[in-house]
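Worksheet: the structure to be examined is printed underneath.
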Amino acid sequence: MLRTRVITAIVLLAVLLPITFFGPVGAFAALIAVVIVFAAWEWARLLKLRGAAPVVYAAVAGVALILSTRLGLSAKALYQMAAIFWVLAGPFVLLRKPVLAAGPWRAFLLFAGVVTFVACWHALVAARQQGVAFVLSLLLVVWLADIGAYFAGKAFGRHKLAPSISPGKTREGALGGWLAVIIVGSLAAATLVFAPTFFSTLVADRGWAGALAVLTVLTVFSVVGDLFESLLKRQAGVKDSSGLLPGHGGVLDRIDALLPVLPIALLLLG
């Protein structure tokens, strides 16, 4: 399993890093579009669409992405729609845990999924247009929250965060993830290392108090995105969103926390 994980990671990095660091924005946008289409396919499968329906849904998401650029739709409007979904529906779903793959909830989540995926694509492309350091630092918010939560949870985890959804997550881990984001983000903004980054731009735009508040919000919603996908998988009766990434699960397993964070981050940045 470890060997498979390492090989998959090497292959992914061999594709992602050159395009992100050295490729034109168009190539980066195309790569993210492919990721989004596969994520949409997995989203449909978790909502228990059968037969060719997940492929059709993925195609619809791809067409929606293309149309959003061809028709000149406002990226900010897309961020707002995605943010409304995550701010209102996300916590409600996690608290009430309705059956998501049936009836009105499935129809709603199929629509919301397309909006969220398209908004995330626009957010990543907009971030890449600001520079490689900017887009990587934006992704770093989620990576830090995840890494900090893992190590803090291992060392200090005592109180379960959402035992019926993801038994491994703890409140102490979530706090550790938040501290990792705040500490690294503050250091990056204060030293202006690799500026302009998401952190330095956030401080310039919102001030220190506002920047720390935004980073706190983003850390919270990285957890919401993670738990949301965990609930989808639990209700679907699967461990991973798919087997597309051997040893790592599916695409959604890698980007679940990014789904709410990306549109909310760009929206709050102004």
message: Condition first: more than 30 Å from Asp205 (Cβ to Cβ), touching a strand residue (DSSP E or B) at 6+ places or on another chain (Cβ under 7 Å) and part of a helix (DSSP H, G or I). Now tell me which residues in segment 215-245 satisfy that.
response: Ser230
query: Would a scan of segment 116-131 turn up a residue that is over 17 Å from the mean Cα position of the chain (by Cα) and not in a helix (DSSP H, G or I)?
result: yes
- prompt: When only residues in segment 181-208 that are part of a helix (DSSP H, G or I) and of a type in the set (S, T, N, Q) count, which is most open to solvent (accessible area, probe 1.4 Å)?
  reply: Thr191
field: Looking only at segment 52-75, and only at residues there that are modelled with pLDDT of 95 or more and open to solvent by 60 Å² or more (accessible area, probe 1.4 Å), the one that is farthest from the chain's Cα centre (by Cα)
entry: Ala52
Pick from segment 46-67, criterion in contact (Cβ under 8 Å) with a residue 40 or more places away in the chain and in a helix (DSSP H, G or I), ranking: nearest to Cys120 (Cα to Cα): Leu65
query: Do you know which residues across segment 97-152 are hydroxyl-bearing (Ser, Thr, Tyr) and either open to solvent by 10 Å² or more (accessible area, probe 1.4 Å) or under 30 Å from Leu192 (Cβ atoms) (or both)?
result: Ser137, Tyr150
field: All positions within segment 166-185 that are β-branched (Val, Ile, Thr) and under 18 Å from the mean Cα position of the chain (by Cα)
entry: Val181
- prompt: Just to be sure, is Ala211 more than 24 Å from Arg50 (Cα to Cα), open to solvent by less than 20 Å² (accessible area, probe 1.4 Å) and in contact with a Gly (Cβ under 8 Å, 6 or more places away or on another chain)?
  reply: yes
field: Sole exception among (1) assigned to a helix (DSSP H, G or I); (2) farther than 26 Å from Leu17 by Cβ; (3) of a type outside the set (Lys, Arg); (4) open to solvent by 60 Å² or more (accessible area, probe 1.4 Å) for Gly176, by number
entry: (4)
query: How about segment 29-45: which of its residues are open to solvent by 60 Å² or more (accessible area, probe 1.4 Å) and free of Cβ contacts under 8 Å to residues at least 12 places away in the same chain?
result: Val34
Residue match in segment 243-266 (condition: in contact with a Pro (Cβ under 6 Å, 6 or more places away or on another chain) and not aliphatic (A, V, I, L, M)): no
task: Out of Gly177, Gly225, report the one residue that is touching an Asp or Glu at 6+ places or on another chain (Cβ under 8 Å) and closer than 18 Å to Leu88 by Cα.
output: Gly225
statement: Going through segment 191-206 in order, the residues found to be of a type in the set (Gly, Ala, Ser) and in contact (Cβ under 8 Å) with a residue 12 or more places away in the chain are Ala195, Ser200
query: Restricting to segment 215-260, what's the tally of residues that are under 14 Å from the mean Cα position of the chain (by Cα) and of a type in the set (D, E, K, R)?
result: 5
- request: May I ask you to verify whether Val224 is at pLDDT 95 or above and either under 18 Å from Trp43 (Cβ atoms) or buried (at least 19 other Cβ atoms within 10 Å of the Cβ) (or both)?
  value: yes
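The values are calculated or read from the model by the stated rules, or taken from the named source; none is laboratory data. In this text the structure is predicted, and so the values were computed from the model without any measurement. Backbone-built Cβ (ideal geometry, glycine too); neighbour counts: all protein chains shown. Areas reflect the complete protein model, heavy atoms only, side chains present, ligands, DNA and RNA absent. Shrake-Rupley method; radii C 1.70, N 1.55, O 1.52, S 1.80 Å.
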